[in-house]
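Q: Pasting a structure below so you can have a look.
The values are calculated or read from the model by the stated rules, or taken from the named source; none is laboratory data. Since the structure is predicted, the reported quantities are computational estimates derived from the model, not experimental observations. Counting neighbours? That spans all protein chains shown, and the Cβs are built from the backbone with ideal geometry, glycine included.
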Amino acid sequence: MAWLTPHIATQIVDFGSAMLLLTCFAIVAQRRLSACVDLFALQSLFLAMTAALVAFFTDTRHIYIAAALTVVVKVIVIPRVLKGVIERLNVTRELVMKVNVPASLLICGALVMLAFFITEPIIPFGHLLTRDSLAIALAIVLIGFFTMIARQKAVTQLIAFLMMENGLFLGATAATYGMPLIVELGVFFDVLVAALIAGIYTNRLQDTFDSVDTTRLNELKA
Amino acid sequence: MTGQTVMLAVSLLLLAPLVAGCLSLLVSGSRWLHVTNLISIGTLVGAEMVIARAVFAQGSVTAFADLVYIDALSSVILFIIGTVGLACSLYIRSYMDEQVARGVIAPKRLNLFFFLFHMFLFAMVLATVANSLGVQWVAIEATTLATTFLIAFWRRRESLEAGWKYLILCSVGISLALFGVVLMYYSSLRVLGDVSAALNITQLQQVAAQLDPHIVKLAFIFLFVGYGTKVGLVPMHSWLPDAYTEAPAPVAAMLAGVLETVAVYAILRCRGIADQAVSPEFTGGLLALFGLISFTLAAFFILVQHNYKRLFAYSSIEHMGLAMVGFGVGGTIGNFGGFFHLVNHAFAKSLAFFAAGNIHRRFKTVEIDEVRGLTTVLPWTAMALLISGLALAALPPFALFNSELQILTALSSSGLPREWTQPGTRFPVVLLLLCGVVAFAGLLYRITGMVWGSAPKGIVHGEQWSVGHIPIVLLGSVLVGFCLALPDFMRELFEAASALLARR
């Protein structure tokens, strides 16, 4: 494959990371909960593809395993669980937002700039192939963090958390070509269990409070 | 001592809670659940003793192809996990049985409780002995997952709320720590090359001086914020009072006494590496600054509490902040004071939550104003509350006063690390003293109000002796004993651990 110069490989990986970032913005802009879940599944698919590409270009076997696990856990299992949870809910949209969509998107744009600013001093040390992905990964983590604060439905908060996790995984792939396998397996296990637990919680909140609006969770005041 | 004995001890340390957790799902009947629990925790304590001896003899223990690494620092934490875990197990015996007898929970749910309790223990032990920073992260996140249902165990509205808040805040916080771990790996790969051991503490400590300071600085900030959320340092503390109030008393005791300590341990571990790559001034300054903020704010929050469980929760934030100041300032005295403070706080706070559990069961309220005349209603509990309260208020001769004094001495002799304040500033010392007095007065005022006075009408008087009183008496006498002397092996353990931290 003579056409596959390192330069083009970098471009392809950058493209994959950029698609992840793009889906983040789509999730922030989306009000319908089930569409958010679909977008999250899409983002995870992009993540798996990017990881597989990195694995292919660098010939690192164990990233393939992580990519396959991403497909199973984050593209298939977790979205299914979330869909099941959403079906039981009486509200399917984010109705009231603390920060409206246009303002959220602007803030997210600023967060991306912040991420590039923070990582600027350390990016030159990275591998050539995935240099810019580290900044994008931090941007995704920050956007997930922001979404968690700005949205009120338990499901959206959960998706935001998973988005952060995707960003972290991209960061691990980008910065270091994956973590040691034992750590990666552990992280997957934790994410899966966290998602299941949060799903059970959402059901219980629905049963007990008749709502999954976390602003109703205000009985514990100092 | 042979290597095989130590290996056996290490495997028992990890297997005991794991096996007991699985057994808890299988056996039926509360008697067998408690027996499993006690055997498991007994094994844990026994294994710890063997390991602690080996650590004394060899300096450190590695096992299972370098997956496990235990030194004096981890031994201190294991000691706290074991002792507080044992006390909790004994307390659970009477506490949980009473809840079942009163019909608060179905007998079946006891199995779930013990399963989660053991998983919680397992995750904490794993976090303490893991050699890899990555595995440590996984284990600390696992503690969040195991405890979230324990906090929401009563399934009331408030407990669901507290559990959700805890799950979300801690998961998010800890995600940031994972980014820190990734960055740490990123920096170590450049020195060590692409090896699976590049996250191992043993490896990182050797090459720490060659790591890139920019990356490690960033990594440490992320790790500190992430694990700091679990410690409950001030900007990230809002889950803590809710969780402690809603959790069943033995769980609250474990959260306050042990989990916070494990999170502190994770921070100290990362600090040991970051110190050599960046500078002790930077990392120590971060610790001391956040510790000071936590201490100050929590001291004032103590004044306005009307709920005794929240009172203890804020006192936890206060004491953790103080221990952080000790570790941040560092030096032999600072670190020693920090460790001593951690141990004292773990004992006193679990005793306080045991007492709170007893009071709550009798008075059916968490309002301080509605609890009066404990000396006549629950004499043993009154004694326990008084001892733990006085200890937590750091009244001399209680050992918390000693450790506070040590931390204060360290702070006033070397001041906050240079990078953060001007040399010779006396302000932090004054602030610490002032807030110490505020917390002292607040805690003492609330607790004496509960202990004396005449009991409200309709409350049954008298306290029946039960298994749950054994840990109360034991912890109480340990706290009183610490007034008189610190056992030699503990002093040596603390000294060894402080020497590890102070190594530059």
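Q: Return a yes/no flag: does the stretch B:403-413 have any residue that is over 23 Å from the mean Cα position of the chain (by Cα), of a type in the set (Ser, Thr, Tyr) and modelled with pLDDT under 90. Before the answer, list the steps.
A: Restricting attention to the stretch B:403-413, the residues satisfying the condition of being over 23 Å from the mean Cα position of the chain (by Cα) are B:409, B:412-413.
Restricting the remaining residues to those that are of a type in the set (Ser, Thr, Tyr) gives B:409, B:412-413.
Filter again for modelled with pLDDT under 90, leaving B:412-413.
Checked the stretch B:403-413: at least one residue is over 23 Å from the mean Cα position of the chain (by Cα), of a type in the set (Ser, Thr, Tyr) and modelled with pLDDT under 90.
Q: Give the residues of the stretch A:58-73 that are crowded, with 16+ Cβ neighbours inside 10 Å and farther than 24 Å from residue A:41 by Cβ, sorted by residue number.
A: Result: A:58, A:60.
Q: Moving to a separate point now. Name every residue in the stretch A:157-210 that is in a helix (DSSP H, G or I), over 17 Å from residue A:40 (Cα atoms) and among the aromatic types (Phe, Trp, Tyr), in order of residue number.
A: Within the stretch A:157-210, A:189, A:201, A:209 meet the criteria.
Q: Condition check: closer than 27 Å to residue B:197 by Cα and outside any helix (DSSP H, G or I). Does residue B:51 satisfy that? Reasoning before the result, please.
A: Values: closer than 27 Å to residue B:197 by Cα: yes; outside any helix (DSSP H, G or I): no.
So residue B:51 fails the test.
Q: Applying the selection to the stretch B:4-49, what residues are under 28 Å from residue B:72 (Cβ atoms), surrounded by 20 or more Cβ atoms within 10 Å (Cβ to Cβ) and polar (S, T, N, Q)?
A: The answer is B:40, and nothing else.
Q: Could you give me the residue pairs with C-beta distances under 9 Å whose first residue belongs to the stretch A:158-184 and is on the phi > 0 side of the Ramachandran plot, whose second residue is assigned to a loop (DSSP other than H, G, I, E, B) and among the β-branched types (Val, Ile, Thr) wherever it lies, and which are 6+ apart or on separate chains?
A: A:177/A:60; A:177/A:130; A:178/A:60
Q: Hey, which of the helices (runs of 4 or more DSSP H) in the stretch B:228-315, taking only ones fully inside, have at least 3 residues that are hydroxyl-bearing (Ser, Thr, Tyr) and away from chain A (no Cβ under 14 Å)?
A: Ranges flagged: B:280-303.
Q: Here's something else I'd like to know. Return the residue satisfying two criteria in turn: it lies in the stretch A:185-217 and is at the interface with another protein chain (Cβ under 8 Å from one of its Cβ atoms) and charged (D, E, K, R), and of such residues it is surrounded by the fewest Cβ atoms within 10 Å (Cβ to Cβ).
A: Only one residue tops the list, namely A:204.
Q: Can you tell me how many residues in the stretch A:124-145 are assigned to a helix (DSSP H, G or I) and under 17 Å from residue A:169 (Cα atoms)? Working first, answer last.
A: Of the stretch A:124-145, the ones assigned to a helix (DSSP H, G or I) are A:124-125, A:131-145.
When the remaining residues are screened for being under 17 Å from residue A:169 (Cα atoms), the result is A:131-145.
The number of residues fulfilling the criteria is 15.
Q: Would you be able to tell me the number of residues in the stretch B:153-162 that are more than 7 Å from chain A (Cβ to nearest Cβ) and part of a helix (DSSP H, G or I)?
A: 1
Q: If you scan the stretch B:178-218, which residues turn out to be in contact (Cβ under 8 Å) with a residue 60 or more places away in the chain, more than 7 Å from every other protein chain (Cβ to nearest Cβ) and either in contact with a His (Cβ under 6 Å, 6 or more places away or on another chain) or closer than 22 Å to residue B:129 by Cα (or both)?
A: Passing the criteria: B:180, B:184, B:197, B:200, B:201, B:202, B:204, B:205, B:208.
Q: Would you point out the residue of the stretch A:175-184, among those that are at the interface with chain B (Cβ under 9 Å from one of its Cβ atoms) and surrounded by 24 or more Cβ atoms within 10 Å (Cβ to Cβ), that is nearest to residue B:145 (Cα to Cα)? Full working, then the answer.
A: Quick first cut of the stretch A:175-184, residues at the interface with chain B (Cβ under 9 Å from one of its Cβ atoms) only: A:175-177, A:179-184.
Applying the additional criterion that residues be surrounded by 24 or more Cβ atoms within 10 Å (Cβ to Cβ) yields A:175-176, A:179, A:183.
Working: A:175: 27, A:176: 27, A:179: 22, A:183: 17 Å.
The selected residue is A:183.
Q: From the list B:135, B:172, exactly one residue is within 27 Å of residue A:139 (Cβ to Cβ), facing chain A (nearest Cβ under 7 Å), over 18 Å from the mean Cα position of the chain (by Cα) and of a type in the set (Val, Ile, Thr). Which is it? It would help to see each step written out before you state the result.
A: On the way: B:135 fails: within 27 Å of residue A:139 (Cβ to Cβ).
Just one listed residue meets the conditions, B:172.
Q: Moving to a separate point now. Listed residues B:371, B:329, B:366, B:304; which is hydrophobic (A, V, I, L, M, F, W, C) and without any contact (Cβ under 8 Å) to a residue 60 or more places away in the chain?
A: On the way: B:371 fails: without any contact (Cβ under 8 Å) to a residue 60 or more places away in the chain; B:329 fails: without any contact (Cβ under 8 Å) to a residue 60 or more places away in the chain; B:366 fails: without any contact (Cβ under 8 Å) to a residue 60 or more places away in the chain.
Result: B:304 is the single residue among B:371, B:329, B:366, B:304 that is hydrophobic (A, V, I, L, M, F, W, C) and without any contact (Cβ under 8 Å) to a residue 60 or more places away in the chain.
Q: Within the stretch B:207-217, is even one residue within 24 Å of residue B:72 (Cβ to Cβ), out of contact with any strand residue (DSSP E or B) (no Cβ under 9 Å at 6 or more places or on another chain), part of a helix (DSSP H, G or I) and modelled with pLDDT of 90 or more? First the steps, then the outcome.
A: Quick first cut of the stretch B:207-217, residues within 24 Å of residue B:72 (Cβ to Cβ) only: B:207-209, B:211, B:216.
Going one step further and asking which of them are out of contact with any strand residue (DSSP E or B) (no Cβ under 9 Å at 6 or more places or on another chain), we end up with B:207-209, B:211, B:216.
Subset that is part of a helix (DSSP H, G or I): B:207-209, B:216.
From what's left, modelled with pLDDT of 90 or more: B:216.
The answer is yes, given that some residue of the stretch B:207-217 is within 24 Å of residue B:72 (Cβ to Cβ), out of contact with any strand residue (DSSP E or B) (no Cβ under 9 Å at 6 or more places or on another chain), part of a helix (DSSP H, G or I) and modelled with pLDDT of 90 or more.
Q: Within the stretch A:111-123, identify whether any single residue is under 17 Å from the mean Cα position of the chain (by Cα), within 9 Å of chain B (Cβ to nearest Cβ) and crowded, with 17+ Cβ neighbours inside 10 Å, and answer yes or no.
A: Applying the first criterion (under 17 Å from the mean Cα position of the chain (by Cα)) to the stretch A:111-123 yields A:111-112, A:115.
Filter once more, keeping what is within 9 Å of chain B (Cβ to nearest Cβ): none.
No, every residue in the stretch A:111-123 fails to be under 17 Å from the mean Cα position of the chain (by Cα), within 9 Å of chain B (Cβ to nearest Cβ) and crowded, with 17+ Cβ neighbours inside 10 Å.
Q: For the stretch B:258-304, name all the residues that are over 22 Å from residue B:344 (Cβ atoms) and touching a Cys at 6+ places or on another chain (Cβ under 9 Å).
A: B:283, B:300 - these are the residues of the stretch B:258-304 that are over 22 Å from residue B:344 (Cβ atoms) and touching a Cys at 6+ places or on another chain (Cβ under 9 Å).
Q: Quick test for you: out of B:94, B:75, pick the one residue that is under 21 Å from the mean Cα position of the chain (by Cα) and either among the hydroxyl-bearing types (Ser, Thr, Tyr) or under 25 Å from residue B:2 (Cα atoms) (or both). Please lay out each step first, then the result.
A: Details: B:94 fails: under 21 Å from the mean Cα position of the chain (by Cα).
The conditions single out B:75.
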